[in-house]
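The block underneath contains the structure these notes are about, expressed in structure tokens.
The values are calculated or read from the model by the stated rules, or taken from the named source; none is laboratory data. Being a predicted model, the structure only gives us computed values, none of them experimental. Quick reminder, even Gly has a Cβ in these numbers, built from the backbone with ideal geometry, and neighbours come from all protein chains shown. Accessible surface areas use protein heavy atoms only, side chains included; no ligands, DNA or RNA. Shrake-Rupley method; radii C 1.70, N 1.55, O 1.52, S 1.80 Å.
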Amino acid sequence: MIPGAFSYHRPATVADAVKLLADLGEDARPLAGGHSLVPMMKLRLATPAHLVDLHGVAGLNGITRDGNKVAIGAMTTQHELLASDEIAKSLPILHETALLIADPQVRYRGTIGGNVANGDPGNDMPALMLTLGASYQLHGPGGAREVAASEFYQGAYFTALEPGEILTSVSVPVPIAGHGYAYEKLKRKVGDYATAAAAVVLTMAGGKVATCAIGLTNLHETPLLAADAAKAVIGTSLDAAALKKAAQAAEAIMSPAADARGPVEYRKHVGGIMVTRALQRAASRAK
Ligand SMILES: Cc1cc2nc3c(=O)[nH]c(=O)nc-3n(C[C@H](O)[C@H](O)[C@H](O)COP(=O)(O)OP(=O)(O)OC[C@H]3O[C@@H](n4cnc5c(N)ncnc54)[C@H](O)[C@@H]3O)c2cc1C
């Protein structure tokens, strides 16, 4: 329960943080809210020799609307997302999802940057970012670049982040007014990671689904975009046959781990149910 020894660094700018990480090499890790990294260190599953704390870095906080996008600084906490009028108005599914993460103590410290950069298949924000078509701004020794969330996740805890790079902000396109949305998460108890979860953003026209995106959490080693499931409901009124087809198409791409949350078949089955429920609730909210 006691982490290994480490040196603590507190840079003030993105450039200094990047330089420290590049100079210190593989033994250094950025520290954000610490609510994924510190438990791993206490279990000695992570033993970084250097922690580069991002809390003092200027420009990594805040939520700003820029045209049809919302930019969220990497160090914005889940609590701050929940308190934001802009998020509630423009990205209500982000508010709904943040509320389902852990408990208030974790949400006061945990950041959006840490949640999406971590690469843990159990984190809730990554699948939502795929569903919303978000992208991530990365800064490293080679300069700045933007990576689509859909190209960021490569395996459990493996992402497109290069050595020395930090994620500085998340850019989320605002879905059109009147869209329907829902994040459905099955968990064993309050504060748990998802046994299975599904995010849906859709629009309806004349009682039929016009556009749809579906994301899946903790049902594969990376977050998934269930494109065939979304296709299965477009042009339908979400009748029972369309819902069944969508759930089956989503289940076909799931490959969850068998763990304390249940065996593979159970998690796929409840994954399909999360997709069905999210589609129905999203449609009921669409105008
Ligand atoms: C009891 C408990 C329950 C939880 N339940 C859930 C849950 O249900 N759903 C959920 O989504 N999460 C859950 N979490 C995790 C929580 O949301 C974390 O806060 C979050 O996953 C990581 O964010 P952080 O700011 O704490 O990052 P940290 O723990 O500081 O960092 C996590 C990893 O990301 C890296 N990192 C952090 N920020 C950056 C950055 N800007 N650029 C590059 N790399 C970076 C770190 O080096 C580290 O490897 C839970 C945590 C706890 C302790």
* Between Arg285 and Thr236, what is the label-to-label distance in nm when each label sits 7 Å out along the Cα-to-Cβ direction? -> 2.1
* Accessible-area ranking of Phe152, Phe158, largest first, probe 1.4 Å -> Phe158, Phe152
* To do: Sum -39500 (n - 2.57) across every DSSP H segment of at least 4 residues in the chain, then divide by the residue count to get the 222 nm mean residue ellipticity, nearest 500.
  => -10000 deg cm²/dmol
* Around Arg10: net Lys/Arg minus Asp/Glu count, Cβ-Cβ under 13 Å -> -2
* Could you pull out every one of the lysines with an alpha carbon less than 28 Å from that of Lys231, ignoring same-chain neighbours closer than 8 positions? => Lys69, Lys89, Lys185, Lys187, Lys208, Lys244, Lys245, Lys268, Lys287
* Provide the FRET efficiency to the nearest 0.05 for the Ala12-Ala144 pair, computing r from the beta carbons and using R0 = 22 Å. => 0.75
* Near the amide H of Val174, under 5 Å away, which other amide H atoms are found, from residues 5 or more places off or on another chain, if H is placed in the peptide plane? -> Lys69, Val70
* Where Lys and Arg each count +1 and Asp and Glu each count -1, what net charge lies around Leu186 among other residues with Cβ under 10 Å from its Cβ? -> +4
* Asked: What full-extension length gain, to one decimal in nm, is calculated for Arg65 and Lys19 as 0.36 nm per residue of separation minus the Cα-Cα distance?
  -> 13.6 nm
* Asked: If you take every DSSP beta bridge whose two residues both sit in segment 1-105, what share of them, in percent to the nearest 5, is antiparallel?
  -> 35
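Mind jotting down a quarter of the surface of the convex hull over the alpha carbons of the chain, in square nanometres, one decimal?
Taking the Cα atoms of the chain, their convex hull projects to 14.4 nm² on average.
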* **Hz values of 3J(HN,Hα) by residue in segment 213-221 - Karplus curve (6.51, -1.76, 1.60), Gly and Pro given as x** => 9, 10, x, 10, 10, 6, 10, 6, 6
* Structure fact -> So for R0 = 25 Å, FRET eff. of Ala156-Ala83 from the Cβ-Cβ r, to 0.05, ends up at 0.20
* Structure fact -> With Cα springs under 10 Å, the Gaussian network model of the chain assigns the largest mean-square fluctuation among Arg267, Arg44, Arg277 to Arg44
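How many Å² of accessible area per residue for the chain, probe 1.4 Å?
Here the residues of the chain average 45 Å² of exposed surface.
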* Report the accessible area of Ile234, computed with a 1.4 Å probe over the heavy atoms of all protein chains in place, in Å² rounded to the nearest 10. => 80
* Asked: Using alpha-carbon pairs under 8 Å, 6+ residues apart, how would you state the relative contact order of the chain in percent?
  -> 16
* Structure fact -> Taking the dipole of the chain about the Cα centre (Lys, Arg +1; Asp, Glu -1; charges at Cβ), the one of Gly235, Asn61, Ser7 that reaches farthest to the positive side is Gly235
* Asked: Just how much of Lys69 is accessible, in Å², when a 1.4 Å probe is used and the result is rounded to the nearest 10?
  -> 80
* Fraction of accessible area attributable to carbon and sulfur, segment 240-287 (%, probe 1.4 Å) -> 57
* **With every protein chain in place, segment 126-215: carbon and sulfur % of accessible area (1.4 Å)** => 56
* Asked: Tell me, Kirkwood radius of segment 1-90 from alpha-carbon pair distances, in Å?
  -> 14.6
* To do: Round to the nearest 10 and report in Å² the accessible area of Ser150, as given by a 1.4 Å probe over the protein chains' heavy atoms.
  => 80
* Under the Karplus relation 6.51 cos²θ - 1.76 cosθ + 1.60, θ = phi - 60°, what is the ordered set of whole-Hz ³J(HN,Hα) values for segment 64-73, x standing for Gly and Pro? -> 10, 8, 9, x, 9, 10, 10, 9, 10, x
* Asked: Residue by residue, what Karplus-based ³J(HN,Hα) values in Hz, rounded to whole numbers, does segment 105-119 have, using 6.51, -1.76 and 1.60 with θ = phi - 60° and x for Gly and Pro?
  -> 4, 5, 5, 5, 9, x, 10, 5, x, x, 5, 7, 7, 4, x
* Convex hull (Cα only) mean projected area of segment 120-272, reported in nm² to one decimal -> 9.9
* Asked: What's the center-to-center distance, using Cα atoms, between segment 222-287 and segment 52-77 in Å?
  -> 32
